[in-house]
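The values are calculated or read from the model by the stated rules, or taken from the named source; none is laboratory data. Note that the structure is predicted; figures quoted are calculated from it, not measured. Heads up, the Cβs are rebuilt from the backbone with ideal geometry, glycines too, and the neighbour counts pull from every protein chain shown. Remember, those area values only see protein heavy atoms, side chains included, never the ligands or the DNA or RNA. Shrake-Rupley method; radii C 1.70, N 1.55, O 1.52, S 1.80 Å.
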Amino acid sequence: MRNRELIKSAILIILVLISVFMTYRVWTFTPELTDLETDVNTETPSIGPKISKPIDSVIMPFRMINRNGTDVKGTSNVKDIKKITDQLLSKEVKKVDILSSESVVQLEDLSERYTILDFPDSIPSEMYLNQVLGMNMNYYPNINFDRILVDTKSTKEAVVYLLSENKQKAVKLQTNIKSTQFDKVNKEAAPDLKPYTGMITNETTTNEIYQIYAPENADNMNIYRYVSNKISVSELNDVILGDSVIARSNEHNVSTYNNNTGISTVNEAKQTYRYTNLSEDENRQKDMAKSITNSFKFINEHAGYTDEFRLFSTDQKSGKIDYQMFLNNYPVFNDDKLSSIEAVWGRDTINEYNRGLITTGVAVPSKKEADKLPSSEEVRFSLASNGSIDFNKVTNIAIGYDLSLPKDEINNLQDTIEFTPKWYVKYDGEWKRYENGGLS
């Protein structure tokens, strides 16, 4: 009998020790971020100054909205957004719940006061929570999301929701973030916030947590002009094609180069560079988390983020990742994609790499005045009234800049590029420019 009690006591002690050890591992767990945060390798060829971009400055929300009942205010100011996301960095997640519905997920525990962080497209939650935010969690849920909600009124510690793009799934994270600290940061940002409006475009967006949010008015939007700088094609070829570059042809302002595995095309008139790795054509990486991670590292290592760029869109079918230029907190668009860096990651290396060759230099005074932009309500009403537009397919509305090249000789170093403010609408998965009640 005594031996039996001793055995029970020994087993109990072992179980307690195992529990203590597992608790220690959970509390001290740190995700592996070093492979993404290392400095640029000085031996790697580059197209600009060797400055490493932190991943949370490239993969980040493009606006934040504070909603308190019917009071809705927001901003696109990167400094205010960064202060909010910094509150999430390396925090502990105590509990993870996956919410799902055949129609639209309802957040029954959400208070009437919360903060929204909007992303321009959906991104993998596992990659963002682990590699960008470095949150301490037992496991990382795997959904694609495009909106984060932070509720600090319901409990003393913030509750974070990640909402999937199709609104049928959500991840609920119970964190150790003090609600009072989060509210303090929000209060500091209050002077920068402007009135925003929530738009209903279809049955899903009738719920306020899924509404499309945009500033009520586009105040003080100016045309900006910069002296344009040009990325060296030879330096870009060194990065992409390596030492064995062969110039194939140069006809009608279009030059082609190749090595043993790939080909690049330079359009001098449009100032674009396009590369295709022929050996990787059948081995496209369809895992968006890996594609984003690898493309970010690839571009960062050769100083490819020549202006402010942010992750802007992902395409699961093609594997394409798009990093968009930003100016003064707003995305920049161009019909020839001069303002974007497109990357498709293959099995082991880059499969496609397309980008503009123009970067911004010194700002110069602009003699043009920007046309007064309509209010977001005027944009909404015009689109909803346009019979050629299926208003159900409108999923985002934002202010952006239209980038235009000078009409004179492109090789002149004093040429300028202009950024003209416009409304842009995400329609059927594609961003389009709003013009006179329609989309172009």
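Residues of the range 158-181 that are without any contact (Cβ under 8 Å) to a residue 40 or more places away in the chain, open to solvent by 50 Å² or more (accessible area, probe 1.4 Å) and closer than 23 Å to GLU102 by Cβ: ASN166 alone. There is at least one residue in the range 34-46 that is part of a helix (DSSP H, G or I), β-branched (Val, Ile, Thr), at pLDDT below 95 and more than 18 Å from the chain's Cα centre (by Cα). If I ask for residues that are part of a helix (DSSP H, G or I) and not hydrophobic (A, V, I, L, M, F, W, C), which ones from the range 224-238 would you list? Once the filter is applied, which keeps residues that are part of a helix (DSSP H, G or I) and not hydrophobic (A, V, I, L, M, F, W, C), the range 224-238 yields SER234, GLU235, ASN237, ASP238. Quick check on the range 407-424. Is at least one of its residues modelled with pLDDT of 95 or more and more than 27 Å from ILE231 (Cα to Cα)? Yes - at least one qualifying residue is present in the range 407-424. Checked against (1) open to solvent by 60 Å² or more (accessible area, probe 1.4 Å); (2) free of Cβ contacts under 8 Å to residues at least 60 places away in the same chain, ASN229 passes all but condition (2). Of all residues in the range 125-137, those satisfying the criterion of being out of contact with any helix residue (DSSP H, G or I) (no Cβ under 8 Å at 6 or more places or on another chain) and either among the hydroxyl-bearing types (Ser, Thr, Tyr) or open to solvent by less than 10 Å² (accessible area, probe 1.4 Å) (or both) are SER125, TYR128, LEU129, GLY134. Residue count for the range 76-101, restricted to those that are among the hydroxyl-bearing types (Ser, Thr, Tyr) and open to solvent by 60 Å² or more (accessible area, probe 1.4 Å): 2. Scanning the range 326-375 for residues that are without any contact (Cβ under 8 Å) to a residue 60 or more places away in the chain and small (Gly, Ala, Ser) yields SER340, ALA343. Criterion applied to TYR140, TYR114 was being over 16 Å from the mean Cα position of the chain (by Cα), closer than 23 Å to LYS286 by Cβ and crowded, with 17+ Cβ neighbours inside 10 Å, and the one residue passing it is TYR140.
Filter the range 247-301 for residues that are within 26 Å of VAL132 (Cα to Cα) and either in contact with a Pro (Cβ under 6 Å, 6 or more places away or on another chain) or polar (S, T, N, Q) (or both) and give the result. The answer is GLN285, MET288, ALA289, SER291, THR293, ASN294, SER295, ASN300. Taking the range 187-222 as the range and being closer than 27 Å to VAL362 by Cβ and surrounded by 17 or more Cβ atoms within 10 Å (Cβ to Cβ) as the test, the residues that pass are ALA218, MET221.
For the range 162-176, filtering for residues that are modelled with pLDDT under 95 and under 23 Å from GLY69 (Cβ atoms) leaves 1.
Taken together, the criteria exclude THR276 from residues that are in contact (Cβ under 8 Å) with a residue 24 or more places away in the chain, under 24 Å from LYS432 (Cβ atoms), among the hydroxyl-bearing types (Ser, Thr, Tyr) and touching a strand residue (DSSP E or B) at 6+ places or on another chain (Cβ under 7 Å).
Scan the range 232-256 for residues that are modelled with pLDDT of 90 or more, open to solvent by 50 Å² or more (accessible area, probe 1.4 Å) and more than 25 Å from ASP415 (Cα to Cα) and the total you get is 1. Of the set (1) closer than 22 Å to ARG67 by Cβ; (2) in contact with a strand residue (DSSP E or B) (Cβ under 7 Å, 6 or more places away or on another chain); (3) among the hydrophobic types (A, V, I, L, M, F, W, C), all apply to VAL104 but (2). Among (1) within 23 Å of the chain's Cα centre (by Cα); (2) basic (Lys, Arg); (3) more than 22 Å from SER76 (Cβ to Cβ); (4) surrounded by fewer than 18 Cβ atoms within 10 Å (Cβ to Cβ), there is one condition LYS153 misses while meeting the rest; what is its number? (1) is the only condition that LYS153 fails.
Here is a list: LYS178, LYS194, LYS184, LYS230. Which entry is closer than 30 Å to ASP390 by Cα and among the basic types (Lys, Arg)? Result: LYS194 is the single residue among LYS178, LYS194, LYS184, LYS230 that is closer than 30 Å to ASP390 by Cα and among the basic types (Lys, Arg).
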